[in-house]
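Just below is one structure, and these are the notes that go with it.
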Amino acid sequence: MATILTIDADPDYGTLIGSVLGKKGHKIINFTEEEAALAEAWRQTLDLAILETRFKKSNLPEVLGQLRQLHPDLRVVILTDQPTTATVRQAIRQGVQEYLVKPVDSEELETRVTRVLKATKRTIKEALAL
């Protein structure tokens, strides 16, 4: 199964993701701070990252850029509690595959992650064009 890195300041979301996706056999690595997550990304082979849009010391483009330097084929799901046109545009520019708005239903999370992992690498922009 997949190795999934999560970064969300709310530890409850890491717990939710671990519970839902761990039952499917995925290895979930949860972090609340981007620095620790990026350090771990050096030691792991990652298949997917589930990222909040706000970080304590960085921003989404910086964190995503560093993750993609280490793992060029990394698939990404954005999870946010502040959906705006700007965050959607940013996700599209960054080549994100899925964009979820909190609160996330566990069934929806599972469905979207499964779809991202099974699909060829496709961005939100490409999906909208279909």
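The values are calculated or read from the model by the stated rules, or taken from the named source; none is laboratory data. In this text the structure is predicted, and so the values were computed from the model without any measurement. Cβ: placed from backbone, ideal geometry, glycine included. Neighbour counts: every protein chain shown. Calculation scope for accessible area: heavy atoms of the full protein, side chains included, ligands and nucleic acids excluded. Shrake-Rupley method; radii C 1.70, N 1.55, O 1.52, S 1.80 Å.
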Strands (runs of 3 or more DSSP E) wholly inside the range 1-115 containing at least 3 residues that are open to solvent by 20 Å² or more (accessible area, probe 1.4 Å) and not polar (S, T, N, Q):
27-31, 98-101
Residue check, residue 73 against (1) over 22 Å from residue 87 (Cβ atoms); (2) in contact with a Ser or Thr (Cβ under 8 Å, 6 or more places away or on another chain), all met but one. Which one?
(2)
Does any residue in the range 17-35 that is within 11 Å of residue 106 (Cβ to Cβ) and among the hydroxyl-bearing types (Ser, Thr, Tyr) come within less than 9 Å, Cβ to Cβ, of a residue that is open to solvent by 20 Å² or more (accessible area, probe 1.4 Å) and at pLDDT below 95 six or more places away or on a different chain, and which pairs are these?
19/106
Have a look at 48, 16, 38, 70 and point out the one that is under 12 Å from the mean Cα position of the chain (by Cα) and not aromatic (Phe, Trp, Tyr).
48
